[in-house]
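Take a look at the structure below.
The values are calculated or read from the model by the stated rules, or taken from the named source; none is laboratory data. Keep in mind it's a predicted model, so treat the numbers as computed, not measured. Glycine gets a Cβ as well: all are built from the backbone with ideal geometry, and neighbour counts include every protein chain shown. SASA here: full protein model, heavy atoms, side chains in, ligands and nucleic acids out. Shrake-Rupley method; radii C 1.70, N 1.55, O 1.52, S 1.80 Å.
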Amino acid sequence: MAVALALEAARDAGLSEAKVTSDAKHVEIGLTDKADSARWVFAKLWRCGIGPGLVLIGGDEFGLLGGLRGSDSLLLVPAAARATVVSVGREPDGVPEGVIPVGGGPAAFVALLDDQIRRRERGDVPRVDEDAAWTVTETGVDPEHERAHEVLLGLADGRIGSNGPPLWTHAAAEPRVLAGGVYTGSGPETTLIEAPVWQQVEGRVLPPGRLERTLDLHTGVLRQVFVNGGGSAEAVLFSSLARPGTVALRLAVPGGLAPAETARPSALSVEGTNGGVAAAITTRRRANGLAQGERLGAYVTDTQRLPSPEEALAALAAADGSGFETLLAEHRAAWASRWEAADLVVDGDAELTRAVRFALFSLMASVRDDGEAAVGARGLAGPGYRGHVFWDADVFVLPFLAATHPPAARAMLEYRLQRLPAARAAARELNRDGARFPWESASTGEDVTPRLARLPEGHSVPIRTGELEEHITADVAWAAACYLDWTGDASFEPRARELLLDTARYWASRIRVDGDGSAHIYGVIGPDEYHEPVDDNAFTNVMTRWNLRRAAGVAKEPERGRWLQLVDALVDGYDPRTGLYEEFAGFFALEPLIIAEVAPRRPIVADMLLGAERVAGAQVVKQADVLMLHHLVPGEVAPGSLQPNLAYYEPRTAHGSSLSPAIHAALFPRAGRPEDGLAHLQLAARLDLDDLTDTTAGGVHLGTMGGVWQALVMGFAGVRPDGDALAVDPRLPEAWNGLDVCLRFQGVPLRLRAEHEFVAVDAGAPVGIRVGDAPPATGQRLRWARKNDSWEVRP
C-alpha cells in the first residue's frame, strides 16, 4: 500500500519516471535533480493554498554556467520564477537574473530561517501570491464605482458574506456583512439580515494616499496596502471556508490608523423573521514600530431560531485558541481543495481564464454545503433583490455545484424541499393540485415578488411575474433531476421523486385540454418578460412536458397514463416546415422588429429604448426563451432545430437580462459557430468585472457566473451526463488550444482536457465517457483523437 501511495503521489506531482524498485518495496521517485524536487514541493504547497509567489528558496549552486541561465536545474521550473530565490553560496561568476546573492554559506542560511521565524513570532502581515491569473486588484477609491469594487473584492464562506471596503472609513464606502438565508421583514420587503461589520477600522478615516486592494481567488484572502508620505500600512482579511462564520484580520499600520483594542469581546444577537445571527468580535494591538494587531470574529447563523451571544463567544474562543496562523492555514487549504475539484483553464486566453475563475470563486463562496442554502440572485456581497431566491439558483447556479461540489447543490435543493409545504399551499389557493413554487422566495417559501415598480418618470407599473411566471415550478424539478444525473446520489432519489411528482401534479391541473384534444397553458410569462401575459409560451410548455415525462417515469397509474397523454397533447409552437418554435401563440404576427438592427450594441434594455408599448407589440425578446429549451432540455426539442431558432431569435434578443449572453454562448458552439459563442462568452464573463450594466454595486450576478461555467463546459466542451456515461463533444474557437476542466461525475473526480482534435480524461476511478460519435469507453485514463470528423479511442 505504501508503495502504491508513493507512486500515486509522485505521478500527481508530474514525476512520470516514478517506478518500483526490483525488491518491490520502495519507489524510486525519479528526483534526479532539484527540478524534480522543486516540482514536487510546489505541487504539494499549491494543494495547501501556498502559491509560488509565497515560497522562499535558499541554497547554493545558483551560479552561471557556461553562459547558461543557471547551473541549478530548479530554476528551469516555471513556478520557481515567481518564488524568492536566495543564494548563500559563493558564486564567482554571478547568478542568473531573479536570484538574490547574499553569500555567507550555512550561517547565512540559518540566519535566513531565523528571520522567517521572527516574522511569524511578531505577527507580521502575511502576503498573498499576486499571480495575475488568480487575482482581482482595485487601485485607489473611485467614488463613482467604489461600491461595485467592494462587491468584486467581497469575501464569503457560504454563510457570511462581507464586501471589501477600504480598511478605513471613506465617504464612498459602504461596509456590509450579510447572513445567508436569514431574512428580516415580510412580503416584498423581506430582505437579507445585516450583521455587525468586522472588516473596517471604526473611527479612522482613510487619509490621502495610494490604496491597493488585491483579492487572491485561489485562497480567498484580501490584502490591502496603503502608502502616503507618512508611511505605509498593510492588512489581510479572510472569511474562513474551513470554519464558516469565522473571520480574521491582521494589520500593521501607523498608530493613527490603528483600531482601538477591546478589553473584552463584543457580542450581540440580531433577530430576523426566521431565526437570526449572533456575532462576537475582539481586537488586539501590539506596538512594534508600526501598530500591529489582529481582529477575530465569529458569526453564528440559524434560519429557525435566534442564536445567543454566548454561542458566538464560544465560537470566537475556539478560533482564538487556534490562533491566526492556524486559521489562515486551514482556510487556504480549504480553498485549494475546492479549486482542485473545480478549476477551469481556457488554454490560449489567460485573461478569460482569470474572469472565469472570478465567476467560479463567487459561486463557491456564495453557497453553504450543509443544511439548506438559500442562494439569492446577487450572492452574499451585495443587497440586490434583497437576497431573494429566483430561478437563477436552480437553473444557472446549481449545475456547477452538482458537477463539482455536490453537498452544496444538495443544500440548495434542501432549501426547496423545506418549502414544499408552502408550494403546496400556493397550489391549493389556486384550486390546483401538487406544488407551485414562488417566482421570488425568501424565508417562508411564500411568494415575495413586489407587486408594483416605480419608474424614473414617477408613475408605477404592475409587476406580474409573481402571478404569472410559473415556469419556476418546472425549473425546480429540473434542478433536482440535474443533481441526480450528475451525482447518482441514491439517497436523494426519494426526495427528488417527491419534487417531480408534486410539480407534475401541478402542471396536470394547470393544463387545459380543448375539444380537439390539444392541450394548452394559458396566461403565463416566459423568460422573455417583455410580453405578458401570453398563451402557450414555448419555454413553459416544453419544460412542463419534460416535467410530466420525467415524473411519469416514477409515477404509478392512473397518474402515469394521464400525464403521458398530456405529454402527447401539449402544444409547443413547433413548425416542422421552418424548424422554428413560435415563442408564444401570436408571436410571429407581431411587428417584425429586429433589435440587432435598431441597437447594434447589445445588451440593451429594449423597453427603455423603444417604450414598453412598442416592445410588447414587437418581435423583441428580453432573453433566451425558446433557445433556453435547446440548452436545458435538448432531448425535448426537435432534432436539427437549434440552428434555425438560433439564427431567428438571437438577432431579436436584446439581452436585457444578464442571464442571456451566457446561454447564447453555450448554444453557438453546439450550432457549429464557436466564434460567435466566444463573443457572447466574453460579454458574460466581464459583466461584473467591468460593471457593464452599472448594477454590480448590488452584488455579483450569480446566475451569470453559473451561465459562464455552463457555456464553457456544456457548450464549448459539450459535456453532459448521458445515463451512466458522461458525453463529451468539444467545439472550440480557433484561438483556443484547449479547455482543462475539473469535474465530479457520479462520485468520481476527473480532469478533462478537450482540444480541437484530442480529448483526455484522467479520473480517480473507472468512469464511463462517450466522446462525439465514438462508443462509450470506461477507464481511469482515457484518450480520444478526431479522425475524419469522427472520434476514435486511443490506447
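For (1) at pLDDT 95 or above; (2) open to solvent by 50 Å² or more (accessible area, probe 1.4 Å); (3) within 14 Å of A785 (Cβ to Cβ), each residue gets a yes or a no:
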{"position": "W736", "(1), (2), (3)": "yes, no, no"}
{"position": "C742", "(1), (2), (3)": "yes, no, no"}
{"position": "Q746", "(1), (2), (3)": "yes, yes, no"}
{"position": "P749", "(1), (2), (3)": "yes, yes, no"}
{"position": "A754", "(1), (2), (3)": "yes, no, yes"}
{"position": "A760", "(1), (2), (3)": "yes, no, yes"}
{"position": "A763", "(1), (2), (3)": "yes, no, no"}
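Looking at (1) part of a loop (DSSP other than H, G, I, E, B); (2) open to solvent by less than 10 Å² (accessible area, probe 1.4 Å); (3) more than 25 Å from G387 (Cβ to Cβ), which is the only condition A235 fails?
Evaluating A235 over (1) part of a loop (DSSP other than H, G, I, E, B); (2) open to solvent by less than 10 Å² (accessible area, probe 1.4 Å); (3) more than 25 Å from G387 (Cβ to Cβ) leaves (1) as the failure.
Count, please, the residues in region 449-466 that happen to be modelled with pLDDT of 90 or more and of a type in the set (D, E, K, R).
Result for region 449-466: 2.
Output yes when any residue across region 684-707 is crowded, with 20+ Cβ neighbours inside 10 Å, out of contact with any Pro (no Cβ under 6 Å at 6 or more places or on another chain), assigned to a loop (DSSP other than H, G, I, E, B) and charged (D, E, K, R), and no when none is.
yes
Output the residues belonging to region 426-446 that are among the aliphatic types (A, V, I, L, M), out of contact with any strand residue (DSSP E or B) (no Cβ under 9 Å at 6 or more places or on another chain) and in a loop (DSSP other than H, G, I, E, B).
Result: L430, A435.
Could you tell me whether region 160-170 includes any residue that is in contact with a helix residue (DSSP H, G or I) (Cβ under 8 Å, 6 or more places away or on another chain), under 19 Å from L257 (Cβ atoms), outside any strand (DSSP E or B) and open to solvent by 10 Å² or more (accessible area, probe 1.4 Å)?
Yes, region 160-170 contains at least one residue that is in contact with a helix residue (DSSP H, G or I) (Cβ under 8 Å, 6 or more places away or on another chain), under 19 Å from L257 (Cβ atoms), outside any strand (DSSP E or B) and open to solvent by 10 Å² or more (accessible area, probe 1.4 Å).
Taking region 400-426 only, how many residues are touching an Asp or Glu at 6+ places or on another chain (Cβ under 7 Å) and open to solvent by less than 10 Å² (accessible area, probe 1.4 Å)?
Residues that pass the stated criteria total 4.
Would you confirm whether any residue within region 253-260 is at pLDDT 95 or above and assigned to a strand (DSSP E or B)? Full working, then the answer.
Going through region 253-260, the residues at pLDDT 95 or above turn out to be none.
No; the residues of region 253-260 include none that is at pLDDT 95 or above and assigned to a strand (DSSP E or B).
Restricting the search to region 779-795, which residues are free of Cβ contacts under 8 Å to residues at least 24 places away in the same chain and part of a strand (DSSP E or B)? Steps first, please.
Within region 779-795, the subset free of Cβ contacts under 8 Å to residues at least 24 places away in the same chain is 779-782, 787-790, 792-795.
Within region 779-795, G779, Q780, R781, L782, K787, S790, E792, V793, R794 qualify.
What's the total number of residues in region 427-439 that are surrounded by 20 or more Cβ atoms within 10 Å (Cβ to Cβ) and of a type in the set (A, V, I, L, M)?
Let us first name the residues in region 427-439 that are surrounded by 20 or more Cβ atoms within 10 Å (Cβ to Cβ), namely 427, 434-439.
Applying the additional criterion that residues be of a type in the set (A, V, I, L, M) yields 427, 435.
Total satisfying the criteria: 2.
Say whether the condition of being small (G, A, S) and more than 29 Å from A735 (Cβ to Cβ) is met by at least one residue in region 348-368.
yes
Which count do you get for residues in region 572-602 that are of a type outside the set (F, W, Y), in contact with a Gly (Cβ under 6 Å, 6 or more places away or on another chain) and under 17 Å from L646 (Cα atoms)?
1
Given (1) out of contact with any His (no Cβ under 9 Å at 6 or more places or on another chain); (2) crowded, with 17+ Cβ neighbours inside 10 Å, where does W134 come up short, assuming only one miss?
Answer for W134: the failing condition is (1).
Sort out which residues of region 775-789 are farther than 13 Å from P730 by Cα and surrounded by 12 or more Cβ atoms within 10 Å (Cβ to Cβ), and write them in order of number. If you could, list the steps in order and put the result at the bottom.
Residues of region 775-789 that are farther than 13 Å from P730 by Cα, as a first pass: 775-783, 787-788.
Within region 775-789, P776, A777, T778, G779, Q780, L782, R783 meet the criteria.
State whether one or more residues within region 79-87 are open to solvent by less than 50 Å² (accessible area, probe 1.4 Å), in a helix (DSSP H, G or I) and aliphatic (A, V, I, L, M). Lay out the reasoning, then the answer.
Going through region 79-87, the residues open to solvent by less than 50 Å² (accessible area, probe 1.4 Å) turn out to be 79-80, 83, 85-87.
Keeping just the survivors that are in a helix (DSSP H, G or I) gives 79-80.
Now restrict to residues that are aliphatic (A, V, I, L, M): 79-80.
Yes, there is a match, as at least one residue in region 79-87 is open to solvent by less than 50 Å² (accessible area, probe 1.4 Å), in a helix (DSSP H, G or I) and aliphatic (A, V, I, L, M).
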